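Structure first, commentary second.
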Amino acid sequence: MGGFMQPQGHVQVLSNMLLHGMNPQEALDAPRFSIDVDRPTKPGRSDGGSSVLVEKDLGADVIAALREKFGHNIQEVEGFKRTTFGRGQIILRDPKTGVLCAGSDGRADGCAMGW
């Protein structure tokens with residue numbers, strides 16, 4: 001993960017593991033979102049509003065609620081464009097057993113390797 005998505009992606013993956021009890025692979029596979037802030041193309045100029053990019057796997061009911069109940073400008077993302085949400089690998093070491101558990105993001109090629 002890099003750029004504007006990096007802090008957003010890290011928080012989402014860590015939250016999945018720490019708050020929702022997911023293992024590294026589950027945390028990386030979970031649907032993501034990105035707050036895409038309107039960034040001016042020229043000083044003092046704005047070319048539109050902010051939007052929330054969401055992976056279509058988030059679920060139609062959740063996406064509809066974000067639009068209808070909260071008024072968010074939602075853009076659904078699927079297929080190759082999912083790389084927008086970053087790519088990552090995680091290696092987690094159990095402090096009690098020393099066993100390594102790894103996950104690799106399916107949004108792109110990659111692998112998690114440890115020794």
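The values are calculated or read from the model by the stated rules, or taken from the named source; none is laboratory data. Computed from a predicted model, the values in this text were never measured in an experiment. Cβ atoms come from the backbone with ideal geometry, glycine included; neighbour counts cover every protein chain shown.
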Which count do you get for residues in region 1-27 that are under 8 Å from the mean Cα position of the chain (by Cα) and either under 21 Å from C101 (Cβ atoms) or loosely packed, with under 13 Cβ neighbours inside 10 Å (or both)?
4
Count of residues meeting criterion [assigned to a loop (DSSP other than H, G, I, E, B) and over 16 Å from the mean Cα position of the chain (by Cα)] in region 59-94
6
Within region 75-115, work out how many residues are closer than 21 Å to K56 by Cβ and of a type in the set (V, I, T).
3
Here the qualifying pairs (Cβ atoms under 7 Å; residues six or more apart or on different chains; first in region 65-90 and under 30 Å from C101 (Cβ atoms); second β-branched (V, I, T) and not in a helix (DSSP H, G or I)) come out as V77/V54; T84/V77
Go through (1) surrounded by 13 or more Cβ atoms within 10 Å (Cβ to Cβ); (2) at pLDDT 90 or above; (3) charged (D, E, K, R) and name the single condition K69 misses.
(1)
Got at least one residue in region 101-114 being without any contact (Cβ under 8 Å) to a residue 40 or more places away in the chain, exposed (fewer than 13 other Cβ atoms within 10 Å of the Cβ), touching a Cys at 6+ places or on another chain (Cβ under 8 Å) and over 21 Å from S51 (Cα atoms)?
no
Would you check if there is a residue in region 36-44 being modelled with pLDDT under 95, surrounded by 13 or more Cβ atoms within 10 Å (Cβ to Cβ) and of a type outside the set (K, R)?
yes
